[in-house]
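The block underneath contains the structure these notes are about, expressed in structure tokens.
The values are calculated or read from the model by the stated rules, or taken from the named source; none is laboratory data. Keep in mind that what you see is a predicted model, and the values were worked out from it rather than measured. Ideal geometry is used to build each Cβ from the backbone, glycine not excepted, and the neighbour counts take in all protein chains shown.
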Amino acid sequence: MPHNRPDQVRDGLEPLLPRLWRFAFFLCGARDVAEDLVQATCLRALERAQQFQPDTRLDRWLFAILRSVWFNELRSRRVRSGEGAVDAQTVLFVDGVARAEMNIFGRQVLAAIGSLPPAQRETALLVYGEGYSYKEAASLTGVPIGTVMSRLAAARVALAPLGVAAKNEKD
């Protein structure tokens, strides 16, 4: 007997948590805010599980929810008074000697990505970090595919000095 929608959402959430957290972190730049965003996303997804369409991808649905929660938070912050995001370099840590070199490069990449304008940062993470196609990223962000391509071109120019290049771009 197939699972009903709430079961599909509940069962599919846990494996997607690392991806949701990574996306949230890149949107907001702060660990605690990213955790809150993921928690709010999970809560909203569980509350609205009946709205999930079983023939669609759960990850896309959850990313759209997370993005909506983030934009609602940004609007609230503007009303209350601005809060700054934490620089990506300040929230990374070195977990052992073996990871030190990787973390140094990781910090450089995260700092470069973090310095991109929000729309470029979000688009780069969706396409390069999460593997979405240009079409999927356009659908998720609600912009034309040409805008996605333009944002990615600008992000590549900004990231080029680090040698960060997209190797597996998808149309």
* Structure fact -> Among Asp11, Asp32, the single one that is over 11 Å from the mean Cα position of the chain (by Cα) and farther than 23 Å from Glu122 by Cα is Asp11
* Asked: Across the range 1-58, what is the number of residues that are surrounded by 12 or more Cβ atoms within 10 Å (Cβ to Cβ), part of a helix (DSSP H, G or I) and in contact with a Pro (Cβ under 9 Å, 6 or more places away or on another chain)?
  -> 5
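Could you go through the range 101-115 and let me know if any residue there is farther than 24 Å from Val143 by Cα, modelled with pLDDT under 90 and among the β-branched types (Val, Ile, Thr). Don't jump to the end; show me each part of the working.
First, pick out the residues of the range 101-115 that are farther than 24 Å from Val143 by Cα: 101-111.
Now restrict to residues that are modelled with pLDDT under 90: 101-111.
Checking which are among the β-branched types (Val, Ile, Thr) leaves us with 104, 109.
The answer is yes; a qualifying residue exists.
Yes/no per residue for (1) at pLDDT below 85; (2) within 23 Å of Pro18 (Cα to Cα); (3) in a helix (DSSP H, G or I):
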residue	(1), (2), (3)
Gln120	no, yes, yes
Leu126	no, yes, yes
Ala137	no, yes, yes
Leu140	no, yes, yes
Gly146	no, no, yes
Ala153	no, no, yes
Val157	no, no, yes
Ala160	yes, no, yes
